[in-house]
Every structure is written in C-alpha cells, then in structure tokens.
Amino acid sequence: MIIDSRLLSIADSHDYLIELLHQTFQRDPAQGLQLWSATFDELRTSWQVDACRQLLREVKAATFSPAALVLVRAAEGMLKAQLEQWEEAVACYQQALSAVQEIDDPASEAWLLSNLGNIYYLAGDLAGSEQSFEQALAVYRNLNHASGVALTLTNLASVYRDSGRLTEAAACYQEALERQNDSDVTAVILANLGAVYQMQQRYPEADTFYQKAIGLFQALGDQHGEAQAWGNLGTLYLAQNQLEEARGCFLHDLELMRQTGDLNSQAKTLNNLALLYRRLGDEETAQQLSEQSRALRPSADR
C-alpha cells in the first residue's frame, strides 16, 4: 500500500489518520497492520514522538496474532531505543522474541536478535550486544542467509573491536567482506578493517584498506563516508609522523564535511589539524585552528 504523505502530518490530520487505520483494520487486518507499521516508521524517523505514542495506544487496543505482536513490540522497542530508554527497549524486544518463538519464524527471530544487539551496543552493554549478535549469527548461518550473516558479522566485529579483541574483530570483518555484495556495506567494512589494522599498528595494511574505502565511497557518491575515511587515513599518517600526507588527508576530510554541513566532524578535523601544526612547530596556526574548532562545537551540540 502506498501511503499518502499528507497523512503523516498528525497535527493536521490526526483524526483522519486514526479513522483510516480503524477502517483498514476492520476491512483487512493484515493490510491495516501494514499501514500502521509504515506510518509508525515514518513518524518515528521524523521524531513525531507523541504521534507514535498515540498510534501505539490505538494499536494495542486491538487483538493480534503472535506475528502481529512481534511487529508491534519491535516498533515500540525501536522508539524506546531512539529515546535512549534502553531498559524499556530491551523489554519490548524480549517480548517480541517470546512472541516469535510461538510461530517458528527463524528469519524474524534473527532480525529481532540483531536489532537487540544494536540496542545493547548503543546502550554500552557490550556483553549483551555480543550475545545477541552471536545468537543472530547462528540463526542466519542456519538459514544460509548471506546478507544477514555479513551484516551480523560486521556488527559483531565492532563489538570485538570495542572490547579490544582486535584479532577476532579483523577475522569477522574479513569474513563479512567475503560474503558482502552490497557496495555501501563493503565500503564501511573496508574502513573498519583499516581502523582495526591501525589499532594493531599494521600500518601498510591499514593504508591499503582506507584507500580502497575512499575509492568505493567516491564511486558511491557518499561524501560523509569518504570524509571519515580521509580523516582516518590522516590519523594513520599522523601516527607515522608523515605530516604532509596527513595534512592533505585532513584537508580533504574538512572540505567534504563542510559540503555535508557536519559541524561536529568539522570540529574534530580542525583539532586534528591543530595537532599536526603543533608537530610542525607552528603554534600560531595551531591556536587559530583550535579556536575555529571551539567555535563550531556549541552549534554542533545544539
């Protein structure tokens, strides 16, 4: 079903939207749930939180099959996570997982476990995140779901990296790279592999993967990803005291971030440039760059 975007302005058409949902549920419950889910996602991503809560109240008044309950609880969990209400988000996903076990739907189970892993990760619970991703990975492997395996390996690798288990992280990223056919995800994996190798002080390998990531981000037209990869490459050169190479990378990074309007990343890159100029003995330029960075941060934090 195609949703008229005019329905998504709850402030202007709240009663009409609710009535449309009720009518659709009565006529065809499956179609009504599809409309509800799509509308909820649109409202959530546009931060219309009160409208999302209203939709949750409306939909909870209905009687659902376990399959529908999975979708509703997962949607509520995503909203809770967006609001950084981590315990409530986890509880919603646990309820969804309980419901999915009643219908023997391993694909949905893996999806829920993967999302739960992301919630734990964002909440800073690396142990919970690792457990959820490993469970999701086992289900995806059993289903021979290539893209699910690749994405979950990538997420699990990030947990290993943040836990300091760099060898395991590199192995996961490498396997994900071999299984991944999506160019967007491949570029991210390449950049992440570069970061892990940099942390291991395997500088030539890190350089190679950063360069590959930059090329792919350029081909994709992903300025933000390209800028981050240039910035990472700059820190790699800075660590090796290759100051001119580092400066070129940071300037590429800064220009791209200015084009995207990412003030926080601009501030970070200006700080990196300030550090570089201090290494060069140019304290005046370094101080100017630090001041420019500080001037951006209040706006970036608002």
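The values are calculated or read from the model by the stated rules, or taken from the named source; none is laboratory data. Note that this is a predicted model, so its numbers are computed, not measured. Cβ coordinates were reconstructed from backbone atoms using ideal geometry, including for glycine residues, and neighbour counts include every protein chain displayed. Please note that ligands, DNA and RNA were not included when accessible areas were found on the heavy atoms of the full protein model with its side chains. Shrake-Rupley method; radii C 1.70, N 1.55, O 1.52, S 1.80 Å.
Does Ala110 satisfy the criteria of being of a type in the set (Gly, Ala, Ser) and over 19 Å from the mean Cα position of the chain (by Cα)? For Ala110, the condition - of a type in the set (Gly, Ala, Ser) and over 19 Å from the mean Cα position of the chain (by Cα) - is not met.
If you go through region 57-76 and keep only what is farther than 13 Å from Leu33 by Cβ and at pLDDT 75 or above, you end up with Arg57, Glu76. Got at least one residue in region 23-44 being at pLDDT below 85 and touching a Lys or Arg at 6+ places or on another chain (Cβ under 8 Å)? No; the residues of region 23-44 include none that is at pLDDT below 85 and touching a Lys or Arg at 6+ places or on another chain (Cβ under 8 Å). One residue stands out among those in region 27-46 that are over 17 Å from Leu69 (Cα atoms) and without any contact (Cβ under 8 Å) to a residue 12 or more places away in the chain: the one that is most open to solvent (accessible area, probe 1.4 Å), which is Arg27.
Every residue in region 124-148 that is farther than 25 Å from Glu87 by Cα and crowded, with 22+ Cβ neighbours inside 10 Å, please. Residue satisfying the conditions is Tyr140 alone.
Please specify each residue of region 84-123 satisfying the condition of being touching a helix residue (DSSP H, G or I) at 6+ places or on another chain (Cβ under 6 Å), at pLDDT below 95 and open to solvent by 70 Å² or more (accessible area, probe 1.4 Å). Those that are touching a helix residue (DSSP H, G or I) at 6+ places or on another chain (Cβ under 6 Å), at pLDDT below 95 and open to solvent by 70 Å² or more (accessible area, probe 1.4 Å): Gln95, Glu102. Do you know which of the residues in region 259-299 that are of a type in the set (D, E, K, R) and in a loop (DSSP other than H, G, I, E, B) is surrounded by the most Cβ atoms within 10 Å (Cβ to Cβ)? It comes out as Asp262.
Per the conditions (1) among the aliphatic types (A, V, I, L, M); (2) buried (at least 20 other Cβ atoms within 10 Å of the Cβ); (3) under 25 Å from Leu151 (Cα atoms), the sole criterion not satisfied by Val59 is (3). Within region 83-196, which helices (runs of 4 or more DSSP H) (wholly inside it) include 3 or more residues that are under 30 Å from Leu43 (Cβ atoms) and either touching a Ser or Thr at 6+ places or on another chain (Cβ under 8 Å) or without any contact (Cβ under 8 Å) to a residue 12 or more places away in the chain (or both)? In region 83-196, 86-101, 106-122, 126-143, 146-162 are the helices (runs of 4 or more DSSP H) which contain 3 or more residues that are under 30 Å from Leu43 (Cβ atoms) and either touching a Ser or Thr at 6+ places or on another chain (Cβ under 8 Å) or without any contact (Cβ under 8 Å) to a residue 12 or more places away in the chain (or both).
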